[in-house]
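Heads up: the structure comes next, in structure tokens.
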Amino acid sequence: MITDSFIKHTGKVIQFDNEKGFGFIKPDSEEISKPVFLHFSEIMSSAPVLKTIQNDEKIQFEIRDFSAEILQAVKIVFIK
């Protein structure tokens, strides 16, 4: 199931509002057919996290249900 919190997914940021601190990810997996909600507070980092994220950045994340229609990315890390 795609909402299993132990499954790591990858994707790229397709839209991010730096002012508001949220956006969406296009998952690489064809199993996930809709964009996944991204909030900067879910970024895992030992350094202070800036709310600035660029479109097309590659990331790894886990998914949890945010609502009936929206999936949310959690435990987000950037892929170099």
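The values are calculated or read from the model by the stated rules, or taken from the named source; none is laboratory data. All values reported here derive from a predicted model rather than from experimental measurement. Virtual Cβ from ideal backbone geometry, glycine too; neighbours counted across all protein chains shown.
Tabulated data for the structure shown
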{"item": "Enumeration of residues in region 19-41 that are farther than 17 Å from D56 by Cβ and assigned to a loop (DSSP other than H, G, I, E, B)", "result": "E19, K20, G21, S29, E30, E31, I32, S33, K34"}
{"item": "Filter result (outside any strand (DSSP E or B) and modelled with pLDDT of 90 or more) within region 1-18", "result": "K8"}
